[in-house]
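S.K.: Right, I'll just put the structure down here and ask away after.
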Amino acid sequence: MFIKGDEKLSEKSENYIDESSSPRIVEAPRYGCTLSGAYEAAVGLNEGVPILHSGSGCGMSQLFGANYGGAQNAPGDYGGSSTPCSCLVEEHVIFGGEDKLRKLIDSTIKISTGEFFTVISGCVPSLIGDDVDAVVNEFRDKAPIIHVNAPGFKGNSFEGYELFFEALVDQYLKPSDKKEKKLINILGIVPFQHIFWKGELRAIKELLEKLDIEANVIFGEFDTVEKIQKIPSAAYNIVLSPWIGHRAARKLEKEFDTPYISFPGIPTGPIQTTKFLRKLAEILPINKRKLEDLIKEGERRAYRTIEYAGDILQFDVPNVYFGVVADSNTAVSITRYLTDEVGQLPDIVIITDNPPEEYKEGIINAITSSEEIQFTPDIIFEIDSFKINQLLKDRPFLNLYASSLESVIKGELETTHVTVSFPSYNRLVLGDNYVGYDGGLNLIQDLFYDKAGPL
């Protein structure tokens, strides 16, 4: 399944339930504010330096929210409690904070060994009218630097991710004289917000390298500035999400004439991976013999390896029901793998990243259009953790793939719980991922790590 451009279905699935449309107080949503998403992108760059123009609490909250919630990760040299911040107070609300920001940027560039600087404006400067763009312009000849206007009230983390790329395009990137036919950019995976982002991006890169395709993943890579500057030279932008990164892709298409194609999530397991690679082969100069050899080898290895888990899969109850609570990227990939290749039955899928209305039909279709098993779950779009917990009660599923917030109620639900989505406070993720032919095997290992034992 792939989505090209903004393609969507015209009719709603009978399994669709919208629980997120009415305004209300929300308990523990699964993302941060707009500033948080821009911060995650800035820190996700190797040697990336976020410079917050905000109150001090905006920076510290990212350590406990974005970093620790993103699978117990430390932010690096320039994130968390080490984030350069203007620390605005009441005085600056009245008289402005431009001068303090100017001094902060100057000192940060002088003492930092970072490669790329991202000034992120929070709520206060956006409300009082600080001309942050003018201040940042003073330093463009001194260091690679952009300004992301990301007041928290503007949206959530995913909005901040999109704004980061829009700032890159408008303020830093320059058109390329020549497109590289075998270079693609990877979009749609948000650092920390997608807890497997490091492993996912690396695995996608390594998979495509086997076909002589260079994946420019930007985040987590060395040579940060070089990787960023290569963005306009790509032949295609590949978006691994049903909605996140689409704005960035459209922006890049408009400014640099770079077409894009979207997949509803990372390819997990043989079926998804083979479809992913064959679709790429339609638009990229991939050697057909090399492609078929890679597919044959990957499928053979994955299917032989899963046989070793055959007994425990059967003893666990054949065709067991399962539930998913995750962002749309993760939910689609995991649900389709478990349904199409493991034979488990999806009972309920709760989407937690609050996708725009126009993308919900595509997400529903990506989950329900199984070619292997004609069994559809209840699909609910919900961001409120209290409501999510209520929705999970009195369901028949025995395995739950969710965030660490659901781990505290697994005893009450009498399920096996696997943390696969944000927030992840009970799992450290440094390179784990569910990408590619071996990705499904990794998921099965995570499911049975505490269930395997004497038969």
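S.K.: Cross-link list Lys110/Lys227; Lys227/Lys279; Lys174/Lys198; Lys142/Lys174; Lys198/Lys275: which exceed 20 angstrom alpha carbon to alpha carbon? Intermediate values should be presented prior to the final figure.
M.R.: Values: Lys110/Lys227 23 Å; Lys227/Lys279 25 Å; Lys174/Lys198 27 Å; Lys142/Lys174 18 Å; Lys198/Lys275 23 Å.
As for pairs spanning more than 20 Å Cα to Cα, those are Lys110/Lys227; Lys227/Lys279; Lys174/Lys198; Lys198/Lys275.
S.K.: A follow-up question, please. Hull surface divided by four, with the convex hull built on the Cα atoms of region 245-359: how many nm²?
M.R.: If you wrap the Cα atoms of region 245-359 in a convex hull and average its projections, you get 9.1 nm².
S.K.: Provide the solvent-accessible area of Leu430, counting protein heavy atoms only and rolling a 1.4 Å probe, rounded to the nearest 10 Å².
M.R.: Ignoring ligands and nucleic acids, Leu430 comes out at about 110 Å².
S.K.: Kindly express, to the nearest 10 degrees and within the range 0 to 90, the angle between helix 157-171's C-alpha long axis and the longest C-alpha principal axis of the chain.
M.R.: With both axes taken from Cα atoms, the answer is about 50 degrees.
S.K.: Where does region 183-296 land on the Kirkwood hydrodynamic radius, alpha-carbon pairs, in angstrom? Can you show the working numbers first?
M.R.: Values: mean 1/r = 0.0696 Å⁻¹.
Its Kirkwood hydrodynamic radius stands at 14.4 Å.
S.K.: OK, next. Using only the alpha-carbon atoms, how far is helix 288-307 inclined from the longest principal axis of the chain? Give it as 0 to 90 degrees, nearest 10.
M.R.: Long axis of 288-307 versus the principal axis of the chain: about 60 degrees.
S.K.: Rounded to the nearest 10 Å², what accessible area does Arg30 have for a 1.4 Å probe in the complete protein model?
M.R.: My reading of the accessible area for Arg30 is about 10 Å².
S.K.: What whole-number distance in Å separates the alpha-carbon centres of region 214-231 and region 279-311?
M.R.: Result: 27 Å between the Cα centres.
S.K.: Another question, then. Leaving out ligands, DNA and RNA, and with a 1.4 Å probe, what % of the accessible surface on region 364-427 is carbon or sulfur?
M.R.: The nonpolar share, carbon plus sulfur, comes to 48 percent.
S.K.: What is the antiparallel percent of DSSP beta bridges lying wholly in the chain, to the nearest 5?
M.R.: So the antiparallel bridges in the chain amount to around 5 percent.
S.K.: Using only the alpha carbon atoms of region 309-448, find the Kirkwood hydrodynamic radius as the inverse mean reciprocal pair distance, in angstroms to one decimal.
M.R.: Computed over Cα pairs of region 309-448, the Kirkwood hydrodynamic radius comes out at 15.2 Å.
S.K.: In deg cm²/dmol and to the nearest 500, what is the mean residue ellipticity at 222 nm of the chain if only DSSP H runs of at least 4 residues count, each as -39500 (n - 2.57), divided by the residue total? Could the numbers behind the result be given before it?
M.R.: Details: 18 runs with 180 residues, N = 455.
Estimated from H runs of four or more residues: -11500 deg cm²/dmol.
S.K.: Output the Cα-based Rg and Dmax of the chain in Å, rounding Rg to one decimal and Dmax to a whole number.
M.R.: Just the Cα atoms of the chain yield Rg and Dmax of 22.1, 71 Å.
S.K.: Stokes-Einstein D for region 281-326 at 4 °C, 1.567 mPa s, Kirkwood Rh over Cα pairs, in µm²/s?
M.R.: D = 94 µm²/s.
S.K.: Rounded to the nearest 10 Å², what accessible area does Val89 have for a 1.4 Å probe in the complete protein model?
M.R.: In the full protein context, Val89 sits at about 70 Å².
S.K.: Give the distance, in whole Å, between the Cα centre of region 388-455 and the Cα centre of region 66-105.
M.R.: 34 Å
S.K.: Per residue Cα convex hull volume for region 85-148, in cubic angstrom?
M.R.: Given the Cα convex hull of region 85-148, per-residue volume reads 76 Å³.
S.K.: Please go through the residue pairs Lys296/Lys410; Lys296/Lys360; Lys360/Lys393 and name each one whose alpha carbons sit more than 28 Å apart in this structure.
M.R.: Violating the 28 Å limit, Cα to Cα: Lys296/Lys410; Lys296/Lys360.
The values are calculated or read from the model by the stated rules, or taken from the named source; none is laboratory data. The model shown is predicted, which means the values in this text are computed figures rather than measured ones. Surface areas here come from the heavy atoms of the whole protein model, side chains and all, with no ligands, DNA or RNA. Shrake-Rupley method; radii C 1.70, N 1.55, O 1.52, S 1.80 Å.
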